[in-house]
Amino acid sequence: MNSFLDSIIKRDPAARDKLSIILTYPGVKAVFFHHLANKIWKYKFYLIARIISQFSRFLTGIEIHPGAKIGKNLFIDHGMGVVIGESSEIGDNVTLYHGVTLGGISPAENSKDQRNSKRHPTLLNNVIVGSSAQILGPITVGEGSRIGANTVILKDVPENATMVGNPAKNISTNSDTSFKPYGVRDIDANK
């Protein structure tokens, strides 16, 4: 738990201390409830797992399907409106901002044939996804990539890419692995 909270403090300048993170960050609560719901989901108590995830959604405004696979230190900043679909996979140290959707591309079409198939995205380690970005379908976002706010991703993203726009375009490939929200570099305030 301490390393999870420390990872949030490193990524959020508004994070003052661990107690305030635990008590006031909806993303922390959503991840906690997801871990509980996911364990129950794995034991095939699907209804109970879904009830827990819906209770979490009611409390936090963040919807994480109990079948989603989430790595260490997922930070959902602000969080309202985040949706993470059933077959989503999220690596370690991923940051999601409010309004992000990890969804399918045709959820209402031929639903029976889509059950138990990979239809949501995979985000590898150290990915940052800006507010209201939509990542749709069974695609992979490469390690260290940054997805700009309001970007729509429908195809695989290479590692360390910075994607913006609709349709998404790669505007930069950066080997700098330090945390830079939204892919923005430090700005010199004196210029």
Looking at Ala49, Ala30, Ala37, which is the one that is farther than 27 Å from Glu143 by Cα and of a type in the set (A, V, I, L, M)? Ala49
Among (1) in contact with a Lys or Arg (Cβ under 7 Å, 6 or more places away or on another chain); (2) over 26 Å from Gly165 (Cβ atoms); (3) surrounded by 20 or more Cβ atoms within 10 Å (Cβ to Cβ), there is one condition Leu59 misses while meeting the rest; what is its number? (3)
Give the residues of the range 1-44 that are closer than 23 Å to Gly67 by Cα, among the basic types (Lys, Arg) and loosely packed, with under 14 Cβ neighbours inside 10 Å, sorted by residue number. Lys39, Lys42, Lys44
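Of all residues in the range 127-160, which are assigned to a strand (DSSP E or B) and either under 21 Å from Gly81 (Cα atoms) or at pLDDT below 95 (or both)? I'd like the intermediate steps shown before the answer.
At the first step, the residues of the range 127-160 found to be assigned to a strand (DSSP E or B) are 128-129, 134-136, 140-141, 146-147, 152-153, 157.
Residues satisfying the conditions are Ile128, Val129, Gln134, Ile135, Leu136, Val141, Arg146, Ile147, Val152, Ile153.
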So His120 passes all but one of these: (1) closer than 21 Å to Asn93 by Cα; (2) surrounded by fewer than 16 Cβ atoms within 10 Å (Cβ to Cβ); (3) not hydroxyl-bearing (Ser, Thr, Tyr). Which condition number does it fail? (2)
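Condition check ((1) in a helix (DSSP H, G or I); (2) without any contact (Cβ under 8 Å) to a residue 40 or more places away in the chain) across all residues:
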{"residue": "Ser7", "(1), (2)": "yes, no"}
{"residue": "Ala15", "(1), (2)": "no, yes"}
{"residue": "Leu23", "(1), (2)": "yes, yes"}
{"residue": "Lys29", "(1), (2)": "yes, yes"}
{"residue": "Phe33", "(1), (2)": "yes, yes"}
{"residue": "Lys44", "(1), (2)": "no, yes"}
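The values are calculated or read from the model by the stated rules, or taken from the named source; none is laboratory data. Not measured: the values here are computed from a predicted model. Cβ: placed from backbone, ideal geometry, glycine included. Neighbour counts: every protein chain shown.
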